[in-house]
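Worksheet: one structure, shown below.
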Amino acid sequence: MRKDSAGTGSRPRGLRAALAVSAVGLLAVVGAVVLPGNASAASTLGASAAERGGRYFGTAVAANKLNDSAYATILNREFNQVTAENEMKIDALQPQQGQFTYGTADRIVQHARSRGMQVRGHTLAWHSQQPGWMQNMSGSTLRTAMLNHVTQVATHFRGQIAWWDVVNEAFADGSSGARRDSNLQRTGNDWIEAAFRAARQADPNAQLCYNDYNIDNWTDAKTQAVYRMVQDFKNRGVPIDCVGLQSHFTGGSNYPSNYRTTLSSFAALGVDVHITELDIRNAPTDAYRNVVNDCLAVARCKGITVWGIRDSDSWRSNESPLLFDGGGNKKPAYDAVLTALNNGTPGTGNPTTPPTTPPGGTGCTATMTPGQVWGDRYNTSVTVSGASTWSVVVAITSPQKISSTWSGNPTWDSSGNVMTMRSNGSGNTFGFTTMMNGNSSARPQIRSCTAG
């Protein structure tokens, strides 16, 4: 996205009201190098991610920077997926109605595909960065023009795009859970569905995604509204294959602790999840590491895209939010990400196989809150909503073990790493203490909540 609108509709040049990061888990890369404790660790981000169930680690790319040798060197070495920063947006591809200009977008696609990188198309339908002719339209005329744009662009790139962000940022911020008021929304509430159906017809083999910001926190109204839309689409057979969480975070200390729950809950609907525009103010190592770990922990998390290569390339350049500094040097966050990727189990999960028991289960929702942390252990509390009697399944990453629990009746599977906690009349909040046993980065994951 442009530096003043990178993945957010009409946000100001400064950082919009993005949530912060909260989680644990993600990807890998390309090449191999011998590291202590890992006999053949990948030496680049894309290579390591590819080893983790065929995932990707990608970046946003600007066509006018491909002639910058330092920029292109990092791009070609580190990443196995690209997203055009602005070159595939509506104003770039159809500046005048009926006149399509594909040159710069084609350049990015050709650069990526010639080097074995996958390409994400961004974006077919969006309320922002519309050309003037479209901004002045409304009603059925606008609906027809929007669908024509979706059809023409998806057809032009047919067979070259792995994933399309079909619709971008269609929900409002705040507590309403409502659709964003836009000229596209005013054409009728079915405009998103219509865009997805047109995209499927134009390119049957591309994966079709909904993409938005501030849908990282599972309990937020906006997140729940997007979840309900995706659930409705899947129930009615509307073609949707994936959900993109932009994850423009303001820092590592306040990212939502339920980020992994958000990823797994969307995945449980039968769609892949993608982290599409990641950048974190001041690039804290813990936050970047946690995001990677969270993605890796969810089988259907296909990959992560950072929104730019060097800090100087970022729309938030004054916040130094990326993995390389302005000089192209690797930052500590880069090392944290690569290590997290390499520490993931090769072939982790199957990105196309949904969990057998959806988080949220039947009739209730479980929300996890981190508690006190000591040198060798930490507390976690879980609050259940939507039912007075319930059972919640919680998974722990080995070699961690739960040492004590309260306010519930726990049972364990044979591994001792999956706990089912049932209500015992003590209310709707239970807790437990986890012994780290040398693994200080992993955090528990809620697998399901079932009423009754």
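The values are calculated or read from the model by the stated rules, or taken from the named source; none is laboratory data. Here the structure is a predicted model, which means the values were calculated and not measured. Neighbour counts run over all protein chains shown; Cβ positions are idealised from the backbone, glycine included. Accessible surface is based on the protein model in full, side chains and every heavy atom, while ligands, DNA and RNA are left aside. Shrake-Rupley method; radii C 1.70, N 1.55, O 1.52, S 1.80 Å.
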Test set (1) touching a residue at least 60 places away in the same chain (Cβ under 8 Å); (2) of a type outside the set (A, V, I, L, M); (3) open to solvent by 50 Å² or more (accessible area, probe 1.4 Å) - Arg197 fails condition number: (1)
Any hit, segment 193-208, residues being among the small types (Gly, Ala, Ser), part of a helix (DSSP H, G or I) and modelled with pLDDT under 95: no
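Considering each of Val292, Val337 in turn, give the residue that is in contact with a Phe, Trp or Tyr (Cβ under 8 Å, 6 or more places away or on another chain) and either modelled with pLDDT of 95 or more or open to solvent by less than 10 Å² (accessible area, probe 1.4 Å) (or both).
The conditions single out Val337.
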What pairs can you find where one residue is in segment 136-151 and farther than 9 Å from Ala195 by Cα, the other is of a type in the set (A, V, I, L, M, F, W, C) and open to solvent by 60 Å² or more (accessible area, probe 1.4 Å), and their Cβ atoms are less than 6 Å apart, with a gap of 6+ or different chains? none
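Which one of Ala172, Ala154 is in the same structural domain as Trp218 (by the TED database), open to solvent by 20 Å² or more (accessible area, probe 1.4 Å) and in contact (Cβ under 8 Å) with a residue 40 or more places away in the chain?
Ala172
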Given the structure, is Thr223 closer than 20 Å to Ala172 by Cβ, part of a helix (DSSP H, G or I), in contact with a Pro (Cβ under 8 Å, 6 or more places away or on another chain) and not aromatic (Phe, Trp, Tyr)? no
Applying the selection to segment 70-128, what residues are charged (D, E, K, R), out of contact with any Leu (no Cβ under 9 Å at 6 or more places or on another chain) and open to solvent by less than 10 Å² (accessible area, probe 1.4 Å)? Lys89, Arg120
Among the residues listed as Ser407, Ser414, Ser403, the single one being in contact with a strand residue (DSSP E or B) (Cβ under 8 Å, 6 or more places away or on another chain), over 23 Å from Thr219 (Cβ atoms) and open to solvent by 30 Å² or more (accessible area, probe 1.4 Å): Ser403
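Show me the strands (runs of 3 or more DSSP E) found entirely inside segment 382-452 where at least 1 residues are modelled with pLDDT of 90 or more.
Filter on segment 382-452 gives 390-395, 401-406, 409-412, 418-422, 429-435.
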Set Thr59, Thr104: member being among the hydroxyl-bearing types (Ser, Thr, Tyr), modelled with pLDDT of 95 or more, touching a helix residue (DSSP H, G or I) at 6+ places or on another chain (Cβ under 7 Å) and assigned to a helix (DSSP H, G or I): Thr104
From the residues in segment 408-452 that are more than 25 Å from the chain's Cα centre (by Cα) and aliphatic (A, V, I, L, M), which one is farthest from Asp376 (Cα to Cα)? Ala451
Regarding Trp133, is this residue among the aromatic types (Phe, Trp, Tyr), crowded, with 19+ Cβ neighbours inside 10 Å and at pLDDT 95 or above? no
